[in-house]
Amino acid sequence: MIRLPKVAIASLRWSWFALLVLLTFGYLVAGLSGSRQRLTGVASDSKAVASKSVPIVNKNGPSILSSVQKVNTDWNQTLANQGLDHANPANWLTVCRRLSLALVGNGLSLEEIRALEQIQESKRERVHLENLLQDQRFHHYWAERWSRFLVGTDGGQFIAYRRRRFRIWLAEVFAANERYDRMVRELLTAEGLWTDKPQVNFVTATFDSNDGSADPIRLAARTSRVFLGLRIDCLQCHNDFLGNVNLGDEQEPREGMQQDFHELAAFFTSAKTNGLQGVRDGVVDYSYKYLNDEQETDVQAGVPFLPELLPEKGKPRARLAAWVTHPENIQAARAAVSHVWALMFGRSMGETVDNLPLDEFSHPMMDTIARDFVAHGFNMRRLIRVIAASEAFRVDSRSEFEITPEHELNFAVFPLVRLRPEQVAGSIIQAARIKTTDRDSSFVLQLQTMTGTNDFVTQYGDVGEDEFNSDSITITQRLLMMNGSLLRELVEANPILNTSSHVGMFARDSAHAVETVYLSAFNRYPTPAEKKHFVSRIDCSEDSGKAIEDLVWILLNSSELAWNH
Amino acid sequence: MSLQEQSNQSQFCDRRTHLSRRTLLGAGGGGILMSSIARRLAWADEQGVTDPARPKSVILLWLGGGPSQLETFDPHPGGVYGGDTSAIPTSVNGLQISDLLPQTAEQMHLTSLVRSVTSKEGDHERAVYNIKTGYRPDPTLKHPSVGAVLCHADQAGADIPRHISIVPNGSPGRGGYLGAAYDAFKIYDPAQPVPDIRRSVPESRFDQRVADLFDVVESEFQRGRLRHLESKRTLHQTATDAALRMMSSQQLDAFDVSSESKEVRDSFGDSAFGRGALAASRLVEVGARCVEVTLGGWDSHITNHSLQSSACGKLDPALSALLRRLEERDLLDSTLVICGGEFGRTPRINPAEGRDHWPHGFSALFAGCGIRRGGIHGATAAKPTLDPENPMADITDAVSVGDLHATILSALGVDYEEELETPIGRPMKRCEGKPIEAILDV
């Protein structure tokens, strides 16, 4: 038997070890760097580019064309009635940025832009939308946003509540494009353990305020706002003496009563906690002492409007779910449309996202879209497609005429909306990368994205479940953006991880560098004046790499990055 | 002016500021040489001197996790529920507190003690919200914490933020419906520099970046968009100006406790909380309206006495030194010190030698700003019945969380009953409750 010298054995071992380290490193950083061809916009491998740009097999079902035309007619008619002019359609890059912000919470990557540029311009928006709808980032991002509507942001009682499981369940719902009405029914009628049946957490999220059992008051308030688009919380304590809550309609208004709220709450008293079996259905068991009454009243389960749609028989929560999802309960469909609209635009169609009074004027688009939503099987993706294709969504945010708040209120221009903290974090992280940051990215990149986002959002100020408040900017936010560690790491030279270095290494010339940074950060090309200015900055700098870092810092610190437009 | 507009504008500047800045801009307009950075610096210089007539301030020493009243300000030694804690006399005749707070005992003549606070929230998250805002959690509305309410009620300016949370531990004061502009500015152990305050590149390069940002990029963004985009909507330059002012402000020194003598620093204790309390006393001197300093470690479901002792070891030097310092520097009349947590702990000691959550009778300490010196209000029974159907039976002169807030606002001279309007037009009182007259000097 041949005996190898010790030195050779040691070398062999160390070689294996080095190879292992190299392979591990390669695995961890795989996918970090875009090819030079993509960066320069030359598609040498059109098949590879097309892998992300080919339209997904069309699963739209019936065409959305006629529905979109109706929505556009409503939009045009409303503007004409108001005597308002409207802006021209925005360019495809702007619309695609809006779609990305709405569906995955950040702007487009340079990789996505270059891929879209390979196909016919008229198809780019639709292709991008279809890609996003299939993207796991969309499923998870919307799951988080909907979790905030449905259960809020509080941790609740760990012993009976798993918000993360609930969110993952919602991600699966969006990935499968489950019918909205089915999702609502599952939430309202959920039974079992919160660990085994994640949808049960909709109920158990309220355990912390009711001694370890479902809190009917909170569930009634949540249900009315999320699924009915009505704020009737004040009826918990008193009748509506201020005229704020009407539960009739425009023709026959009816003042909201305390009974309306508590009869709705009564449905949830049937959700009993049954030891290891978790939440089980029981009977309605609710009494309440109304204002000015001497004694408590046994409260029967009832609905605040359209009582004829409530099934007479069945388990209490199942009856409620059937009523909420009844095709003739258009108000409930309006509530769903209102939330999806707000997620798409970053602001509600009317004054608030979760209060659509039964007796007040709402934009005609709302009813048109809601009826279309019901008529086409509560299909969430179709709803998104209809909104995304509407002129209201595609119109520019700037115009030749002077824009007033009236124009924004009526969607004559796309409204300027401040991004949420996680959208800002997502946008700056994506802007600092050439490739799309998603679940196919390397482990290192995903880890950095997750921790960076969490730390940034904590510092920036999480707005909790106040989803659509356009809060004012704070000193903390500006300090974080100008001097914070995340920005510094993303801007400073880092040959593996960021745009600054990639552009510095691979750009053909200064003009191309400026163009690339603008596309990465703003998802648009620089204007001639901007290009001239920053090309001059780079050319006149002793260190062009630092000048590019400065440009990245400037764009990441701008209003344009921090606002949806 | 709507609440949102008020919120947007007031945090950063007032009309005089805008006027003088425009004047500067006008002056600069004649000569293109005056860059936007120069204009901002000139404006910052003009704002450099703080009005000496500063409003009253609050320092909230927040004891996160639920301090045990029995191991702090309301001991009942010797009884079945007294545990291992003894009571010691204080500088107030007849008042005894826990032997875990010997230094604080010597300063009790400066304070009023409320021993009968009750709430309906026994869960940490909800109770913190309840105590900090004065309202129970409400899915329809996020209420502002007391610091935000005070900053909103008085808009006097300072270079540094006026609502500050030191070592916030996840529950800093929030602006709620008043807006994020009223959120507390968060800093951590004052031994470390204020976060994000230092430029990461040389000053000249930083200035060039800022100049390009506004002169090239922001001006392009405004083109063809909403009229008065900056002043009516984004406030991007306004907020940046405020951040730049803070970065170059001498008031920043107030965060830096290292400039204090070793003797002073030692008196507050060698802990982040102690340094935070010292920083708080410096910050109110330069115009901060509300500074909260958090001390965690009070959630003693097991080995209660050990955990409470450890936390008291940090609280005692910091609280006593803070009271002493404010008194010595003649600041106690204009600074309200509050010390307490989200709830107390059960009289009954559990099998793990711990105490659990107890919102039915716990303590809060007040001092300064018109609070009666040596006052005591309310009591819990030494031998409580612990009747679950009637927990109030063990409490004398119970006060609600709303009462605490009314007391705070009243001491600060803020109309506690005034109604504010939420962004959706809902009228909302600053707080629910009545001031505790027994601890207020008439």
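Values quoted throughout were computed directly from the atomic coordinates according to the rules given, and no laboratory measurement underlies them. Computed from a prediction, not measured in an experiment: that's the story for all the values here. Glycine gets a Cβ as well: all are built from the backbone with ideal geometry, and neighbour counts include every protein chain shown.
Values computed for the structure shown
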{"read-out": "Inter-site label distance for A:Ala529 and A:Lys315 at 7 Å from Cα along Cβ, in nm", "value": "6.5 nm"}
{"read-out": "The protein assembly as shown: radius of gyration and largest Cα-Cα distance (Dmax), Å", "value": "30.4, 103"}
{"read-out": "Karplus-derived HN-Hα couplings along region A:108-117 (A = 6.51, B = -1.76, C = 1.60, θ = phi - 60°), whole Hz, x at Gly and Pro", "value": "6, 7, 4, 4, 5, 4, 4, 5, 5, 5"}
{"read-out": "Spin-label proximity, B:Ser259 to region B:297-325 - amide N less than 20 Å from point 7 Å beyond Cα toward beta carbon", "value": "B:322, B:325"}
{"read-out": "Listed residue (A:Ala301, B:Val167, A:Leu235) projecting farthest to the positive dipole end of the protein assembly as shown, Cβ model", "value": "B:Val167"}
{"read-out": "Averaged over A:391-397, number of beta-carbon atoms from partner chains that fall within 10 Å", "value": "1"}
{"read-out": "Under-5 Å amide H pairs with B:Leu420, H placed in peptide plane, nonlocal only", "value": "B:Met428, B:Lys429, B:Arg430"}
{"read-out": "Euclidean distance of C-alpha centroids, region A:74-113 and region A:500-562, integer Å", "value": "25 Å"}
{"read-out": "Residue mean of other protein chain beta carbons inside 10 Å, A:479-486", "value": "6"}
{"read-out": "Cβ-placed point charges (K, R +1; D, E -1), dipole of chain A about Cα centre in debye, nearest 20", "value": "3060 debye"}
{"read-out": "Cα centroid of region A:375-441 to Cα centroid of region B:264-336, whole Å", "value": "47 Å"}
{"read-out": "Fully extended contour minus Cα-Cα distance, from B:Arg223 to B:Thr422, at 0.36 nm per residue", "value": "68.4 nm"}
{"read-out": "Across A:Lys532/B:Lys232; B:Lys262/B:Lys314; B:Lys120/B:Lys142; B:Lys132/B:Lys186; A:Lys197/A:Lys272, pairs whose alpha-carbon gap is larger than 25 Å", "value": "A:Lys532/B:Lys232"}
{"read-out": "With 10 Å bins from 0: P(r) over region B:101-194, alpha-carbon pairs, percent", "value": "14, 34, 35, 16, 1"}
{"read-out": "Exposed-site-free run, longest, chain B (rule: GluC sites (Glu not before Pro); DSSP loop; at most 16 other C-beta within 10 Å)", "value": "B:107-352"}
{"read-out": "Model label zone, A:Thr73; criterion: amide N under 13 Å from point 7 Å along Cα-to-beta-carbon; scope region A:379-399", "value": "none"}
{"read-out": "Per-bin percent of Cα-Cα distances, chain A [20 Å]", "value": "19, 48, 26, 6, 1, 0"}
{"read-out": "Positive dipole terminus of region A:417-564, leading residue within A:Met482, A:Gln459, A:Tyr525 (C-beta point charges)", "value": "A:Tyr525"}
{"read-out": "Other-chain or far-sequence residues with amide H under 5 Å of B:Trp358's (modelled H)", "value": "B:Gly344, B:Arg345, B:Thr346"}
{"read-out": "Extended-chain gain in nm, criterion 0.36 nm per residue less alpha-carbon gap, A:Lys197 and A:Gln295", "value": "31.4 nm"}
{"read-out": "Shielding by other protein chains, B:224-230, mean Cβ within 10 Å", "value": "6"}
{"read-out": "Derived scalar couplings ³J(HN,Hα) [region B:115-131; Karplus, 6.51 cos²θ - 1.76 cosθ + 1.60; whole Hz; x for Gly, Pro]", "value": "10, 9, 7, 10, 8, 10, 10, x, 9, 3, 4, 5, 5, 4, 4, 4, 6"}
{"read-out": "About the Cα centre, charge dipole magnitude for the protein assembly as shown (Lys/Arg +1, Asp/Glu -1 at Cβ), debye", "value": "3520 debye"}
{"read-out": "Helix-derived mean residue ellipticity, 222 nm - over chain A, DSSP H n ≥ 4, -39500 (n - 2.57), to 500", "value": "-16000 deg cm²/dmol"}
{"read-out": "Ranked packing of A:503-512, B:264-273, most packed first, by mean Cβ within 10 Å", "value": "B:264-273, A:503-512"}
{"read-out": "Lys/Arg +1, Asp/Glu -1 at C-beta; the protein assembly as shown dipole; positive extreme among B:Ala364, A:His565, A:Cys540", "value": "A:Cys540"}
{"read-out": "Cα long-axis angle, helix B:236-247 against chain B (0 to 90 degrees, to the nearest 10)", "value": "70 degrees"}
{"read-out": "Karplus 3J(HN,Hα) series, Hz, for region A:260-268 with 6.51 cos²θ - 1.76 cosθ + 1.60 (x for Gly, Pro)", "value": "4, 5, 6, 5, 5, 4, 4, 3, 7"}
{"read-out": "Lys, Arg +1 and Asp, Glu -1 on Cβ, resulting dipole of region A:151-324 about Cα centre, debye, nearest 20", "value": "1020 debye"}
{"read-out": "Label-point gap, in nm, between A:Glu489 and A:Val283 - each point 7 angstrom along Cα→Cβ", "value": "5.9 nm"}
{"read-out": "Two-site FRET efficiency, B:Leu386 against B:Asp84, from Cβ-Cβ distance with R₀ of 25 Å, rounded to 0.05", "value": "0.80"}
{"read-out": "Amide hydrogen neighbours beyond the local backbone of B:Gly297, cut-off 5 Å, H modeled", "value": "none"}
{"read-out": "For region A:151-324, projected area of the alpha-carbon convex hull averaged over all directions, nm²", "value": "11.0 nm²"}
